[in-house]
1. Take the conditions in contact (Cβ under 8 Å) with a residue 60 or more places away in the chain, hydrophobic (A, V, I, L, M, F, W, C) and either buried (at least 22 other Cβ atoms within 10 Å of the Cβ) or in contact with a Cys (Cβ under 6 Å, 6 or more places away or on another chain) (or both) and apply them to A:Ile61. Does it pass?
2. Hey, does region A:239-251 have a residue that's at pLDDT 95 or above, within 18 Å of A:Lys11 (Cβ to Cβ), polar (S, T, N, Q) and out of contact with any strand residue (DSSP E or B) (no Cβ under 9 Å at 6 or more places or on another chain)?
3. Specify which of the listed residues (A:Ile89, A:Ile47) is within 21 Å of A:Leu185 (Cβ to Cβ), more than 9 Å from every other protein chain (Cβ to nearest Cβ), crowded, with 19+ Cβ neighbours inside 10 Å and in contact with a strand residue (DSSP E or B) (Cβ under 8 Å, 6 or more places away or on another chain).
4. Just checking, does region B:166-177 include any residue being under 24 Å from B:Ala105 (Cβ atoms), surrounded by fewer than 23 Cβ atoms within 10 Å (Cβ to Cβ), more than 10 Å from chain A (Cβ to nearest Cβ) and of a type outside the set (Phe, Trp, Tyr)?
5. If the requirement is being within 14 Å of chain B (Cβ to nearest Cβ) and not β-branched (Val, Ile, Thr), which of these qualifies: A:Leu21, A:Leu17, A:Leu6?
6. Condition first: at pLDDT 95 or above and among the basic types (Lys, Arg). Now tell me which residues in region A:63-92 satisfy that.
7. Taking helices (runs of 4 or more DSSP H) that do not extend beyond region B:142-226, which have at least 1 residues that are farther than 15 Å from B:Gly20 by Cβ and small (Gly, Ala, Ser)?
Number of protein chains: 2
Amino acid sequence: MNKAALFSIIKEKKSFLCVGLDTDIKKIPDFLRKEKDPVFEFNRRIIDATADFCVAYKPNIAFYEAMGARGWESLQKTMAYIPAGIFTIADAKRGDIGNTSSLYASAFFDKASSGFDFDSVTVAPYMGEDSVKPFLEYKGKWVIVLALTSNSGSSDFQTVKTAEGDFFYEHVLEKCLKWGTDDQLMFVVGATQATSFAAIRKIAPSNFLLVPGVGAQGGSLEMVAKFGMNANCGLLVNASRSIIYAGNNENFARLAAAEAKNMQQQMQVLLEAYL
Amino acid sequence: MNKAALFSIIKEKKSFLCVGLDTDIKKIPDFLRKEKDPVFEFNRRIIDATADFCVAYKPNIAFYEAMGARGWESLQKTMAYIPAGIFTIADAKRGDIGNTSSLYASAFFDKASSGFDFDSVTVAPYMGEDSVKPFLEYKGKWVIVLALTSNSGSSDFQTVKTAEGDFFYEHVLEKCLKWGTDDQLMFVVGATQATSFAAIRKIAPSNFLLVPGVGAQGGSLEMVAKFGMNANCGLLVNASRSIIYAGNNENFARLAAAEAKNMQQQMQVLLEAYL
């Protein structure tokens with residue numbers, strides 16, 4: 001799915017919502033635990049409830065990996081269940097030397113190898129160009145590089161000042177932009193960093209930004225749209241816990257749908273205001 | 001396994017060799033492909049051949065993940081097969097916001113959750129303190145943080161000069177040292193960076209360093225020992241491809257044993273010279 005196709009879906013659905021499938025076996029409703037694969041059964045119902053309101057799904061790979069091989073099986077089934085025409089993000093934050101990053105790329109992009117065929121994967125930049133490039137070799141796939149994240153630890157390294165006077169994450173953005181086009185590269189920028197969006201848009205005006213941190217982490221959707229939206233929307237705003245754990249018993253899917261719809265409606269207003 | 005126990009094994013085996021189990025299904029000898037689980041059968045024979053000469057095994061998780069759920073099963077069997085008293089490293093280079101890093105920690109440290117009980121895991125530092133700390137909460141386990149890696153891309157970000165005049169990787173070392181003890185924290189420093197070992201030892205004199213890049217990547221074992229060894233050895237030097245792919249037919253295990261023994265003997269000389 002290229003940038004134009006993604007923008008088409010955003011316009012059609014009047015939404016730039018990404019639903020984070022951070023499915024924690026300890027947090028799903030009790031009544032699902034009797035199922036053979038409770039994590040998949042939870043995800044299936046969440047997808048049914050939210051697919052009309054979102055343009056992307058983002059399973060956080062840690063939640064599946066924490067369950068060992070059976071977690072990967074739940075993830076396989078989940079990905080097979082997501083309807084066509086919805087963008088998929090493997091939130092994996094991988095990155096290693098070139099020959100190893102090639103294997104990580106196979107893990108998420110090469111269906112014949114791993115069974116997975118994600119549209120995109122999140123990548124940590126610390127190891128530099130050869131750690132990112134193997135992901136860019138897959139035609140039609142996206143690499144989403146961590147730039148300025150939503151968590152408290154983001155100030156430990158990402159906002160260190162370099163000798164040239166910019167923030168370290170700005171140096172990351174500038175370097176990465178040389179490695180791929182805006183049809184290949186997105187960046188992670190946390191919603192809790194809304195005051196930085198204007199500066200980031202000066203460096204990366206045309207790239208999509210994946211924005212976590214609205215909802216449970218406290219970021220403002222309005223601020224993100226105001227300072228982050230570009231002519232092609234350029235935003236995928238993720239919400240995980242606030243949607244998937246909106247309820248905790250038989251009502252969970254209905255409440256997830258209501259919360260996703262609520263966010264879609266806010267996004268519709270913002271798209272009309274800023275696009 | 002604490003630092004003293006690790007040093008005891010090093011002295012007993014006269015080795016600080018870590019064998020990297022970067023097992024690529026495309027590179028294993030043909031005759032193993034008829035086995036039900038070729039990757040495990042390869043690893044089992046490599047472990048039998050090299051266990052006397054090494055103190056650690058380091059599966060690179062990408063190689064297993066690239067095969068989907070069946071890759072994780074091969075890894076489970078491999079880990080169960082490694083003899084007691086050998087240090088194990090999940091080379092995963094994970095890292096995410098706090099609640100997600102907790103899940104990654106479960107994935108590698110919590111046997112009840114994932115089936116895995118590694119002694120240590122490699123972690124990427126970009127997301128800062130809350131991305132690293134959840135791994136440190138497991139008593140007796142180790143976090144191995146990427147500092148100065150062996151690949152060409154290491155110069156893109158790790159050796160950027162900060163406004164304070166140090167290299168970015170030095171800032172990473174200094175920050176991380178505040179988060180855990182030298183019984184919890186190791187750092188990855190590439191053997192190809194031998195000239196930096198003296199500077200790194202000024203910042204982190206007592207931590208173990210995990211050193212990839214000897215062998216296929218061209219780093220010098222002598223230089224690493226000369227500038228990196230401390231009073232407790234403080235080094236785990238990894239070799240992957242040069243050992244596990246020393247042969248490519250029925251002779252592969254015998255040639256892997258010979259190459260591991262060759263490295264152990266070089267290490268014995270260096271331990272006698274510098275310890």
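1. Taking the combined requirement at face value, the residue does not satisfy it.
2. no
3. Going through A:Ile89, A:Ile47 in turn, just one is within 21 Å of A:Leu185 (Cβ to Cβ), more than 9 Å from every other protein chain (Cβ to nearest Cβ), crowded, with 19+ Cβ neighbours inside 10 Å and in contact with a strand residue (DSSP E or B) (Cβ under 8 Å, 6 or more places away or on another chain): A:Ile89.
4. Yes.
5. Being within 14 Å of chain B (Cβ to nearest Cβ) and not β-branched (Val, Ile, Thr) holds for just one of A:Leu21, A:Leu17, A:Leu6, which is A:Leu21.
6. A:Lys77
7. B:154-157, B:197-203
Per-residue answers, yes or no, for (1) over 28 Å from A:Ala4 (Cα atoms); (2) surrounded by fewer than 18 Cβ atoms within 10 Å (Cβ to Cβ); (3) within 14 Å of chain B (Cβ to nearest Cβ):
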| position | (1), (2), (3) |
| --- | --- |
| A:Val160 | yes, no, yes |
| A:Gln193 | no, no, yes |
| A:Ala199 | no, yes, no |
| A:Ser206 | no, yes, no |
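The values are calculated or read from the model by the stated rules, or taken from the named source; none is laboratory data. All of these numbers come straight from a predicted model, not from anything done at the bench. All Cβ positions, glycine included, derive from the backbone under ideal geometry; neighbour counts span all protein chains shown.
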